[in-house]
Amino acid sequence: MFNVTGILKRLVIGRAMRSEELHETLLPKRLALPIFASDPLSSVAYATQEILLVLTVGGLAYLHFTPWIAAAVVVLLAVVVLSYRQVVQAYPSGGGSYEVVSTNLGPSSGLVVAASLLVDYVMTVAVSVASGVDNIISAVPELADYRVPMALGFVALLTAMNLRGVRESGRAFATPTYLFIGGVLIMIATGLFRYLVGDAPVAESAKYGIAAEPHEAHLTGLALVMLTLRAFSQGCTALTGVEAISNGVPAFRKPKPKNAATTMAVMGAISITMFAGVTTLAIVSKVHIAEDACRLTGLDGSCDTYTQRTVIAQIAAAVFGGEHSIGFYYIQAATALILILAANTAFNGFPLLGSILARDRYLPRQLHNRGDRLAFSNGILALAIVAGLLLWGYQANVTNLIHLYILGVFTSFTLSQLGMVRHWNRELRTETDPQTRRHHKLTRIINGTGAVVTGLVLLIVLATKFTQGAWLAVLAALVLWLMMRGIRRHYDATAAELAVTDPRSELALSSRVFAIVLVSTIHKPTLRALSYARAFRPTHLEALTVSVDREEAAALRERWEDYGIEVPLKIVDSPYREVTRPVVEYVRSIRRESPRDIVAVFIPEYVVGHWWENLLHNQSALWLKSRLLFTPGVMVTSVPWQLTSSARADHPAARAPGSVRRGEPPTVAKQPGRG
């Protein structure tokens, strides 16, 4: 069983890597781009669609706002990219927004950013995978009934790839990312060329009208402003994942800050070009899309059986000559791949941020441990589990999931830019070189502008999305913030309690050592435990058994005396057939009588070699130890006895620390011969 498990692990993850090989996992810019920027690059596949879905609640009347909203998103994206280039260069250690805010605005504000980003990373996986599945269904509608299993399967695949290490996942995901970028740029160039020569592409939905939702047909004043702001907030999904590069600076090759800043600039330029191009083609080809297909007018058949294609699918079909063209299938395949792989941004950002928080004692320390392939495996698995549960709970529905999205990332954007403004103010107070001061003042203006703009967007997102489900994201971030503060308090209290103030008093010998060996019958494990206990030369040594049957206890005492064992045997009656409680109470009674004494409890245990053998033995030793560990001044020692099967078991689990299979502890008096 363990051999099979080990083989499967090596097949999925690969060979274990030595700590000294960490430098081999560092990324060149060509691999870092698809790893850390696949999320913002892929968002062009659905950001335009989200704008149109909001505007069409009033029918076709408000679609003329599309170019202005898209232009606002482009400006915002440019500002955020420029701002984060300053973050990368000023804080290259990899903490990103969390480090910037913690350093300049305080630990509590830093935790707000960390909690928001962790929630947003989970949402990135859920939304990206669900959107990728949507595009697969657009090409093959028959797969609609398998939406959730497909989504969960892709999460499992991404998890396996990331467990193999950052560099391995980068190699696997680089080609699909560049294929998507190339395909979309070719589609944009082809569509715009056709438009300029008078042969504009026409979307399949251009012939359909859209009926307005009740009370949305003739909006004016504040209602119209709220509609456009809501569309803008939906379009801001194009900015998700921009901060991931700032968190991943340590993964770049040297010079790390320069390479990360260059990658950030390239990502921004490509994202802006593709988003602007896709939005322009959506307007030119007259794409009409609604959340409910039954609001489309002019359908040939029933709306219940009509499946709307995604915006990018309709554009590809219009540009390349129909839904059966090679170009259409290429774009659909590349889009589905990049959307699913966009979750890889979160699979890199979440574990890195989790490891930093664990280092700072805000999350369990296990998240700071590297796995066999030098990746933060525990963080990867935690992200996969939570995202999988979210996909299952929301049935992998993009429309429902998108409302929980982008709130956290704009919280991070706003606070990090405020932190950078304070950073530059502090630098300017000590800097005297005129040229350096001019540079600092310019970057302060960039970060200040970013703080104002992203702060306004955060307010818009809160106002337009809160009642539609974003409150769940706020609640999750709040719970996570409280949990991290609680974890930090626990670690601080533990460190304070364990701190050594007087080494001499701590090293002072105890008055006496009272040793107890737990016994059920006289066999080799019992005798080994007795010999081991005697080797410690305790002040007092005795054997202890719990009697659930008077005749069995009497038989055990008789054999004990016949063998001439010099260690006294103590029998504790248990009329209610309990084992753990009598032992614990007896040990505690010794502690009450002599509080300065140390009580050492030795427990003989079987070690089995196969998992199924463990089912044949009870686990009362584990329960006994867990109870005794809560008793001050009590030391618990396991004395293993390896059965023949454990000696024959040739597998890593049999040799690895912590993987020993323990069987029945001899703690209950039984008839001679029973095992």
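Read-outs throughout are calculated quantities, based only on the coordinates presented, and are distinct from any laboratory measurement. Please read these numbers as outputs of a predicted model, since none were measured by experiment. Note that each Cβ is placed from the backbone with ideal geometry, even for glycine, and that neighbours are counted across all protein chains shown.
Using the 10 angstrom Cβ neighbour count as an exposure proxy, how do H288, H490 rank, fewest first?
Details: H288 26, H490 11.
The order, fewest Cβ neighbours first, is H490, H288.
Rounded to the nearest 10 degrees, the inclination of helix 524-535 to the longest alpha-carbon principal axis of the chain is 80 degrees. Counting only alpha carbon atoms, the long axis of helix 107-139 and the longest principal axis of the chain meet at about 70°.
For the cross-link pairs K254/K441; K256/K441; K29/K258; K570/K625, the ones whose C-alpha atoms lie over 22 Å apart are K254/K441; K256/K441. Here the sum of -39500 (n - 2.57) over DSSP H runs of 4 or more residues, divided by the residues of the chain, equals -20500 deg cm²/dmol at 222 nm, to the nearest 500. Remark on the chain: C236 stand apart, with no other cysteine beta carbon under 4.7 Å. Only beta bridges with both residues in the chain are counted; by DSSP, about 15 percent of them are antiparallel.
Ignoring lysines fewer than eight residues from K286 along the same chain, the ones with Cα atoms less than 21 angstrom from its Cα are K207.
Taking the C-alpha atoms only, the angle from helix 66-90 to the longest principal axis of the chain is near 50 degrees.
So what is Rg over Rh here for the chain, counting just Cα atoms and using Kirkwood for Rh?
On the way: Rg = 32.4 Å, Rh = 29.1 Å.
On the Cα set of the chain, Rg over Rh gives 1.11.
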